[in-house]
Amino acid sequence: MAERVEQRLEDRIPELEQLERVGLFTHKEIRAVLRKVSALEYKIQRRALRKEDFINYIQYEVNLLELIKKRRARIGYSFKKDEIEHSILHRVHSLFNRATGKWKDDVQLWLSHVAFCKQWNAKHQLSKVFSTMLAIHSNKPALWIMAAKWEMETRLSSESARHLFLRALRFHPECPKLYQEYFRMELMHAEKQRKEKKEFEQAKMDLGEFNYSEEILNGEMARIVYRDASQKIKGVEFQLAVLSIAKLFDFTQDLQKEILESLQARYADDPLTWDYMARRELELGSLQPTEHSTKQKKVSEMAQREERCCSVFDEAVGAVPTEDMWKCYITFCLERYNRKTNSEELKQKRLERTLSVFSKAHESSLLSEALYKQWLQLLLDSSLSEKAVEVAEAATRHFSQSVETWHMRLQVLIQLKRDGVTQCFEEAIKHVKSKGTLPLWTLWVEWSEGTNSKEDTEALYQRSLHATTPAESVTMKEMYLDWTYRNSGYKKVKRLFTSLCENRPFSLDFFRKMIQIEKDQESCKMLHLREYYERALREFGSTNTDLWLDYIKEELSHPQGKPENCGSIHWRAMKMLQGDLVEDFVSKYTLLQTGHL
């Protein structure tokens, strides 16, 4: 191993001598480089190789290249690049090749090599990297797309890019993304040829052997790709994706027409098809130039376009009366309503249209729970409180077992300060299952705290502890404890704490809250604090190191504390804590003893 390392260090000597001779590095810096490189070389020559060692070595070489580049720019020296940078680049490529050969499955390592080749313009080497990487990772379409894109955009080789896409499709014959990018590549190739031909014609040059096929210029290759793909890939999403790509090129009108016709013929019952056809009306505006149009005329034109969109949507919900179709219609209306406009008339028209569509969807019983929530929010924002109460009630009729819908209705009633809140809460609890009702109970007790008497609120808290599941009752216990302290004082909360401790489960915050309440008293008693800590440790002593440390701190700092108890607390902690928590506790306890915690 030592001989190999020495040989590799000797191979570096010519480039290091050049660096010193031309004044890019000093003799001291050269010696530092040799020391560092020697250590790195020994690490990658060991029998048990580590990926991190290769990455560190590569990173060091890349940093060296960047430093040389900056030094060259500073002193204005641009010669001897073959003797200096070329040998370093060759060495980095060798390191990457060894690393990717050893850890073939690490895609990130391959991508790092690709990025390095791109950064230093190593086109020939990058072509080899892509070839080897794709042979190993042929199951990843994104890598095929990356390689083809590089061939097309950097090497300007449409033929190589096409060849890569065809190879990729043999491995992934039903990959939508591959077909989309292949389709895009063929259109880019056609556009490139059209520009070339136009430049030749403008220069009045003889094309000679150059023969530009009209079919290719018109995007026939892309059409073939599309037809092949549409036979293998089903779904309106793919058709719309291909159509959006075709619209980026100004010579694809016939192709767009074919895709659109196929979309309407094959997916006439899909809401996304109707959604696209409706939104398309926004783009099909007036063909007349609008530079000199008045603001009023522009507003009027936009209103007409939106009306045309809504006409298509009205036809759509008649042809495809589904929840998804109404969702597309409502989403469009909300998008238009949320767009900024200086015209109050247009804003009002959009609001009326949106509310009307919500009502129609509700009448058809095809409004989802999420859309009811959006409808309610829109009504509240528009100060239509009476309608909001009606809609909230209707939502709970449709989704009577949904906690979120009842919560939404109750929030509306509370926000608008309406009567019948208690009855609504009772109705909600009756309809929904006990599991998951915590949001309703928390809302109810919070409302009761500010509205009802102490007795009613306390009765409600007591009721919530029995009505919620054990896991949810933990939160109610914390809220009950906090409310009792705020409203009835220390003695009452202490009795309540003792009472609540009779029924598990508990949360750590429940005990911490009681500890804090005790510490807030003028005559804070260590005896009580010990009781609370002991109760907490019975529940959480095996999983929480901070609780033990806080107990020890309390014994050390409290006027009535007994520092001699710290030893026994420490011993108990070591016995109760599990796994890595013991080591964590020991390190924190040491910091506490030295005054650093």
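A few points about this structure:
- Filtered residue count, region 55-100, keeping only those that are open to solvent by less than 10 Å² (accessible area, probe 1.4 Å) and part of a loop (DSSP other than H, G, I, E, B): 1
- Failed condition for residue 237, given (1) assigned to a helix (DSSP H, G or I); (2) under 18 Å from residue 193 (Cα atoms): (2)
- Pick from region 192-241, criterion more than 27 Å from residue 264 (Cβ to Cβ) and of a type in the set (Asp, Glu), ranking: surrounded by the most Cβ atoms within 10 Å (Cβ to Cβ): 196
- The single condition among (1) in contact with a Lys or Arg (Cβ under 7 Å, 6 or more places away or on another chain); (2) open to solvent by less than 60 Å² (accessible area, probe 1.4 Å) that residue 174 does not meet is (2).
- Screening residue 566 against (1) modelled with pLDDT of 95 or more; (2) within 22 Å of residue 591 (Cβ to Cβ); (3) hydrophobic (A, V, I, L, M, F, W, C) leaves a single unmet condition, (1).
- Verdict on residue 554 being open to solvent by 10 Å² or more (accessible area, probe 1.4 Å) and touching a Leu at 6+ places or on another chain (Cβ under 9 Å): yes
- Wholly within region 519-597, helices (runs of 4 or more DSSP H) carrying at least 3 residues that are more than 22 Å from residue 501 (Cα to Cα): 545-557, 566-576, 581-593
- Failed item, numbered, when residue 249 is tested on (1) in a helix (DSSP H, G or I); (2) out of contact with any Cys (no Cβ under 8 Å at 6 or more places or on another chain): (1)
- Count - residues of region 391-444 that are small (Gly, Ala, Ser), over 28 Å from residue 471 (Cβ atoms) and open to solvent by 40 Å² or more (accessible area, probe 1.4 Å): 0
- Scanning region 445-496 for residues that are small (Gly, Ala, Ser) and surrounded by fewer than 19 Cβ atoms within 10 Å (Cβ to Cβ) returns 450, 453, 459, 467, 471, 488, 489.
- Any hit, region 86-94, residues being over 30 Å from residue 10 (Cα atoms), of a type outside the set (Lys, Arg) and modelled with pLDDT of 95 or more: no
The values are calculated or read from the model by the stated rules, or taken from the named source; none is laboratory data. These figures come from a predicted structure and were not determined experimentally. Reconstructed Cβ throughout: ideal geometry from the backbone, glycine too, with neighbour counts over all protein chains shown. Accessible surface is based on the protein model in full, side chains and every heavy atom, while ligands, DNA and RNA are left aside. Shrake-Rupley method; radii C 1.70, N 1.55, O 1.52, S 1.80 Å.
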